[in-house]
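Read the structure below first, then the notes.
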Amino acid sequence: MAENRRVSSVSFFNSRFTSVISISLVLFLLGLILLIGSLGKELSDYVRENLSFSVVLKDNQKETDIRKMQKSLDDLPFIKSTEYISKERAAKELEEELGENPETFLGFNPLQASIEVKLRSEYANPDSLRVIERQIKRYASVSELLYRKDMMEMVHDNMRRLSLILLTLAVVLMLISFVLISNTIRLLIYSKRFLIHTMRLVGATPGFIRGPFIRYNVVSGIFASILAILMLTGALYYLQNELRGFVQIIDMRTLLLVYAAVFALGIFLSVVATVFAVNKYLRMGVDKLYYI
């Protein structure tokens, strides 16, 4: 009797261990996709907010008027930052690039003062930029706006394409995760199919039959989620050692949301897969139980 209990305990431990490892690996991959998705968004925002355009100013503008206009631009909701570049500074930067001061052979400074503007990420797209351009050109001091429209459109299209790819990959992996977790749980419940049938015969309700299986797999899902989170943390630690500053790109709030999502998905997918697996045997006749 003691030997039977020992064998049963070993079998129980092995089945739970296999279940936890299988589910945790799936959740780890799912967590990686979520992290890559959040990292992609952070990089997208970073790239968008570092695309600047120049507000070229008319000649002979007073310094006080320019500073007043710059402050007005800073107060606009779609502008992240502005930087004033005087004619003298523009000439110095051109001299550093070309190795020669344009005033030397022209006799005067042909450059105009300008204000470099960086937009907030949600406004850094061609449609918003057309509206922003019209609004900024209303200022009396503005001569023209200079920006690479083709580059703006290229960055916008590439970021949108990247977001779509990551979203598609996340949905596909979610489906694969459900199938793998479902198959893992179905194998565990398979050995209990005759017990389920016996409970039905004695009048147990479907909810009563599902209860122990759901509780068992919720615990497995919790252990698997914790293991997956530890694996994700280990992966981030490794990347931080290999790529300095990598972790700083990911916002801590976003990282905690990913961890919470992995934990919730571990429980949710385990419960849903358990309900589907138990329902399959609840609907199955006794004659079919011998042939599956």
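Just so it is clear, none of the values below were taken in a lab; they were calculated from the coordinates. Remember, predicted model here, so these are calculated numbers, not experimental data. Please note: Cβ atoms are built from the backbone with ideal geometry, for glycine as well, and neighbour counts cover all protein chains shown.
Less than 5 angstrom separates the built amide H of Leu57 from those of Ala113, Ser114, Ile115, Ser143, all sequence-distant by 5 or more or on a different chain. Taking a ≥ b ≥ c as the square roots of the eigenvalues of the Cα gyration tensor of the stretch 118-226, is the shape rounded (a/c under 1.5), prolate (a/b larger than b/c) or oblate? Taking the square roots of the gyration eigenvalues as a ≥ b ≥ c, the stretch 118-226 is prolate. Backbone geometry of the stretch 233-241 corresponds, through the Karplus equation with coefficients 6.51, -1.76 and 1.60 at θ = phi - 60°, to 3J(HN,Hα) couplings of 4, x, 5, 5, 5, 5, 5, 5, 6 Hz, x marking Gly and Pro.
Of Asn158, Leu188, Leu173, which is farthest along the charge dipole of the stretch 140-219 in the positive direction, counting Lys and Arg as +1 and Asp and Glu as -1 at C-beta? Comparing the listed Cα positions along the dipole, Leu188 ranks first. Shown here: the stretch 25-158, whose C-alpha atoms stretch 70, 35, 24 Å along the first, second and third principal axes, sorted largest to smallest.
Converting phi to 3J(HN,Hα) with the Karplus coefficients 6.51, -1.76 and 1.60 and the offset θ = phi - 60°, the stretch 85-96 yields 10, 6, 4, 5, 5, 4, 5, 5, 5, 5, 5, 5 Hz in sequence order, with x at every glycine or proline.
Given Cβ point charges of +1 (Lys, Arg) and -1 (Asp, Glu) and nothing else, what value in debye, to the nearest 20, does the dipole of the stretch 70-209 about its Cα centre take?
On the way: 19 positive and 18 negative charges, 329 e Å.
Using Cβ point charges on Lys, Arg, Asp and Glu, the stretch 70-209 gives about 1580 debye.
Please give the charge dipole size of the stretch 160-282, origin at the Cα centre, charges +1 on K and R Cβ atoms and -1 on D and E Cβ atoms. Round to the nearest 20 debye. Don't jump to the answer; show the numbers that get you there.
Working: 11 positive and 2 negative charges, 88 e Å.
Computed charge dipole of the stretch 160-282: roughly 420 debye.
Any idea how far apart Phe276 and Asn183 come out in nm if each label point goes 7 Å out from Cα toward Cβ? Between Phe276 and Asn183, the simple spin-label model gives 1.2 nm. Close amide H partners of Lys80, meaning residues 5 or more places away or on another chain with modelled amide H under 5 Å apart, are Lys118, Leu119, Arg120.
When restricted to Cα atoms, the stretch 14-93 yields an Rg and a Dmax of 25.1, 82 Å, respectively. Across the stretch 251-259, rounded Karplus estimates of 3J(HN,Hα) from the backbone phi angles (6.51 cos²θ - 1.76 cosθ + 1.60, θ = phi - 60°) give 5, 4, 4, 5, 4, 5, 5, 5, 4 Hz, Gly and Pro being marked x.
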